1. Do the conditions hold for Leu227, that is, is it crowded, with 21+ Cβ neighbours inside 10 Å, closer than 25 Å to Phe158 by Cβ and either in contact (Cβ under 8 Å) with a residue 60 or more places away in the chain or in the same structural domain as Arg317 (by TED's automatic domain parsing) (or both)?
2. Could you say which residue among Phe126, Phe92 is over 20 Å from the mean Cα position of the chain (by Cα), more than 20 Å from Leu238 (Cβ to Cβ), crowded, with 16+ Cβ neighbours inside 10 Å and not small (Gly, Ala, Ser)?
3. For the range 182-194, which positions are free of Cβ contacts under 8 Å to residues at least 24 places away in the same chain and under 22 Å from Asn232 (Cα atoms)?
4. Being surrounded by 13 or more Cβ atoms within 10 Å (Cβ to Cβ) and either in a loop (DSSP other than H, G, I, E, B) or among the polar types (S, T, N, Q) (or both) is the filter here, so list the residues in the range 157-192 that pass it.
5. Under 9 Å between Cβ atoms, at least 6 apart or on separate chains: pull out the pairs that start in the range 90-111 with a residue that is within 15 Å of Val246 (Cα to Cα) and touching a residue at least 12 places away in the same chain (Cβ under 8 Å) and end on any residue that is outside any helix (DSSP H, G or I) and aromatic (Phe, Trp, Tyr).
6. Pull out all pairs, ordered by first then second residue, where Cβ-Cβ is under 8 Å, the residues are six or more apart or on different chains, the first lies in the range 112-140 and is in contact (Cβ under 8 Å) with a residue 40 or more places away in the chain and assigned by TED's automatic domain parsing to the domain that holds Lys269, and the second is surrounded by fewer than 15 Cβ atoms within 10 Å (Cβ to Cβ) and not in a loop (DSSP other than H, G, I, E, B).
7. If we scan the range 94-110, do we find a residue that is out of contact with any Ser or Thr (no Cβ under 9 Å at 6 or more places or on another chain), assigned to a helix (DSSP H, G or I) and of a type in the set (Asp, Glu)?
8. I'm trying to understand the selection: among the residues of the range 249-293, which are touching a residue at least 40 places away in the same chain (Cβ under 8 Å) and of a type in the set (Gly, Ala, Ser)?
Amino acid sequence: MDGPGSAPPNAGPAGLRAPTETAYRHVPVLVAEVLALLQQNQVDGSPHYLDCTFGGGGHTRAILEANPAARVTALDRDPAAQARAAALAAAFPGRLQFHDLPFSRIDELNETRYAGVLFDLGVSSFQLDEAARGFSFRLPAPADMRLDPRAGVPAAQFLEIATREELEAAVRDAGEEPRWRRVVEAILRSRGTGLLARTDTLAEVVADAVGGPPTRTHPATRTFQGLRIALNAELDELTTALPKAVDRLAPGGVLAIISFHSLEDRIAKRFLNRLCGRPEHENDATPAQLRHARAELLTRRPLSPGEAEVAANPRSRSAHLRAARMLRATPRG
């Protein structure tokens with residue numbers, strides 16, 4: 001989602017301009033590329049977009065600034081996003097509507113026929129940089145990691161009560177930690193000691209378990225990421241939301257997905273391939289006559305930030321952007 005950094009590139013594709021970032025300290029990732037893809041919609045009339053991950057509002061702001069006729073409906077399950085959305089809505093009267101919803105509940109919206117739907121997955125810099133949210137091991141705080149603090153249990157409690165299988169799913173599967181066995185055993189041994197209650201001491205438990213020579217990446221990175229993904233059911237949320245998003249798109253509308261994790265990107269890639277009547281993966285043996293194209297790919301390969309963007313905003317370095325455009329008429333099969 002939105003990351004910190006200096007101002008984005010001054011100009012995007014023809015007819016678009018990147019947002020002005022003065023007091024607004026969070027910069028949307030791949031903003032020019034997102035604007036260019038959304039502009040490729042083939043929907044008549046003033047465009048109405050759905051931003052499923054408002055975060056800091058960077059992409060929503062960019063869309064509203066790029067086209068004075070555009071409107072945006074935005075969602076976020078983080079209650080802290082509401083104040084940021086209210087401030088942005090005041091700056092663009094009548095053009096932004098915000099809903100306090102997770103994107104898996106898109107079907108509860110009354111609106112349909114969006115010209116574009118955007119997912120910017122992961123966590124926002126607002127969440128990472130606020131110590132009390134407990135996402136980062138670099139900021140000592142209670143280990144929480146919930147995108148919506150009103151729901152579920154914090155990471156500290158999960159680590160104390162989760163089954164071995166649940167810990168393995170978080171560390172091995174969602175975190176893709178190669179030394180997952182050692183990490184899981186270290187967590188189990190640390191129960192009841194208080195070491196799992198805070199981000200700094202939890203990171204030490206994980207780092208000691210991972211071991212090995214020093215690297216540029218903190219040894220707790222994968223485990224923290226896996227715990228966050230598991231606690232918030234992020235992969236299930238995405239799998240549920242994507243078909244609902246397609247149902248809300250107008251013919252000729254664009255679906256754009258920014259991911260920061262290989263598992264998210266795999267879900268996005270396979271969903272878009274299936275939507276476009278292509279093999280979902282290299283081992284997909286579904287006969288061509290059983291595939292049905294409802295959209296066309298706009299990105300044969302994922303778009304990634306250039307060197308300048310990564311230098312200005314290092315958190316953008318793992319971003320991948322994929323997109324497809326719904327067909328204006330369903331082909332006869």
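1. yes
2. The unique qualifying residue is Phe92.
3. Within the range 182-194, just Val184 meets the criteria.
4. Gln157, Ala162, Gly175, Glu176, Glu177, Arg179, Ser190, Arg191
5. Filtered contacts from the range 90-111: Phe103/Phe119.
6. Thr112/Asp247
7. Checked the range 94-110: at least one residue is out of contact with any Ser or Thr (no Cβ under 9 Å at 6 or more places or on another chain), assigned to a helix (DSSP H, G or I) and of a type in the set (Asp, Glu).
8. Passing the criteria: Ala250, Gly252, Gly253, Ala256, Ser259, Ser262, Ala268.
The values are calculated or read from the model by the stated rules, or taken from the named source; none is laboratory data. Please read these numbers as outputs of a predicted model, since none were measured by experiment. So basically every Cβ, Gly included, is an ideal-geometry build from the backbone, and we count neighbours across all protein chains shown.
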